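Q: Just passing along the structure, written as structure tokens.
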Amino acid sequence: MRKKLIKHLFLRLLIGAAPIVFFAIGMFAKVESGNNGMSLNLEKFLPVCLILIYVSFLIIEGLNHLINGRISYGLCSISAVVILVVVFLFIMYLEHL
């Protein structure tokens, strides 16, 4: 059971890490597009949308597991949300230093 929970947690973190890596690349890239802010910066906008969609999916999945009595799976999904959000906010903080 413990190995299944660890696999469950790391799989969700691995899937969530992909848009966070693209977001970090977009945040720390020093290339200016020259558009004077009139259009969206897709290097930042698309990963943020993917992160929000995936985090909302994980919250719904975690609540579904908690309602159905699979408490440990629900807590794994909720803890994956917390870890991904903390990493996301940390990347935003580092960019604004």
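Every number here is computed from the coordinates shown, using simple stated rules; none is lab data. A quick note: this is a predicted structure, and the numbers were derived from the prediction, not measured. Cβ sites come from the backbone with ideal geometry, for glycine too, and all protein chains shown count toward neighbours.
Q: Whats the longest run of the chain with zero trypsin sites (Lys or Arg not before Pro) that are DSSP loop and have at most 16 other Cβ atoms within 10 Å?
A: Between the exposed loop sites, the longest stretch runs 31-69.
Q: Could you grab the relative contact order for the stretch 58-97? Cα pairs under 8 Å, six or more apart, rounded to a whole percent.
A: 35
Q: Compute the orientation-averaged projected area for the stretch 38-97 from the convex hull of its Cα atoms and round it to one decimal in nm².
A: Projected area, direction-averaged: 4.7 nm².
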